[in-house]
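Inspection log for the structure reproduced underneath, given as structure tokens.
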Amino acid sequence: MASSSGSQKGNAASVAPLTRALRALTQADDGGEDHRWLWLGCRLAQELWDEELWLALATRGERIGRKTGRLSLLATSVNHLAAFHVHSGALATAAVLIDEVDAIAQATGLPPLKYAACKLIAARSDQVQMEAVLKLVQENAVVRGEGSAFWSVLVSCRAHAQRPEPV
């Protein structure tokens, strides 16, 4: 069994190569097939706390989605951009982007993408709206067999919503 300090060294050692791989993904040719990995790149950039990478990857996905008409890529990328803007405190910008994600999902029949919406609702501490969105997320996660995705969103949003108020 590995000790926690050994595990931390392993995690730290993976940051540089992972960051290099994500930077390469931001600079790749927009015509390639690597756009399929942008959603994962955005999530990994968040885990690395690298806001510059997160923004670059989400922006690239948005650009490719708009240019090519790949609406699922566009919706996913705009959802990541909206989450980025919630994270950076630009809540009005995030709200506009979330409305766009909702419109794309509704027009195309894509499942609702509520990651950024949950973050925005939590940032605004709106418990009533939070419960309604979490119910929708849970229903859709169960239908798609993504129970673990629901629980991670639930924990993240509830933790964010219950943060102490600044003094």
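Listed values, structure above:
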{"read-out": "Subset of the stretch 75-118 (residues that are closer than 13 Å to GLY61 by Cβ and of a type in the set (Phe, Trp, Tyr))", "value": "PHE84"}
{"read-out": "Selected residue [aromatic (Phe, Trp, Tyr) and without any contact (Cβ under 8 Å) to a residue 12 or more places away in the chain] from TRP39, TRP49", "value": "TRP49"}
{"read-out": "Residue in the stretch 94-140 that is farthest from the chain's Cα centre (by Cα), counting only those that are of a type in the set (Ser, Thr, Tyr) and part of a helix (DSSP H, G or I)", "value": "THR108"}
{"read-out": "Any hit, the stretch 8-22, residues being closer than 22 Å to LEU120 by Cβ, part of a helix (DSSP H, G or I), touching a residue at least 24 places away in the same chain (Cβ under 8 Å) and of a type in the set (A, V, I, L, M, F, W, C)", "value": "no"}
{"read-out": "Selection count, the stretch 34-47, where residues are closer than 16 Å to ILE64 by Cα, under 10 Å from the mean Cα position of the chain (by Cα) and surrounded by fewer than 16 Cβ atoms within 10 Å (Cβ to Cβ)", "value": "1"}
{"read-out": "Condition met for GLY31 (modelled with pLDDT of 90 or more and surrounded by 10 or more Cβ atoms within 10 Å (Cβ to Cβ))", "value": "no"}
{"read-out": "Only one of VAL78, VAL86 that is among the β-branched types (Val, Ile, Thr), over 30 Å from ALA12 (Cβ atoms), assigned to a helix (DSSP H, G or I) and at pLDDT 90 or above", "value": "VAL78"}
{"read-out": "Matching option when the condition is touching a Ser or Thr at 6+ places or on another chain (Cβ under 9 Å), under 24 Å from CYS118 (Cβ atoms) and not hydrophobic (A, V, I, L, M, F, W, C), among GLU51, GLU100", "value": "GLU51"}
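The values are calculated or read from the model by the stated rules, or taken from the named source; none is laboratory data. No experiment lies behind these values; they were computed from the predicted model shown. When we count neighbours, we look across all protein chains shown, and the Cβ atoms used for this are built from the backbone with ideal geometry, even at glycine.
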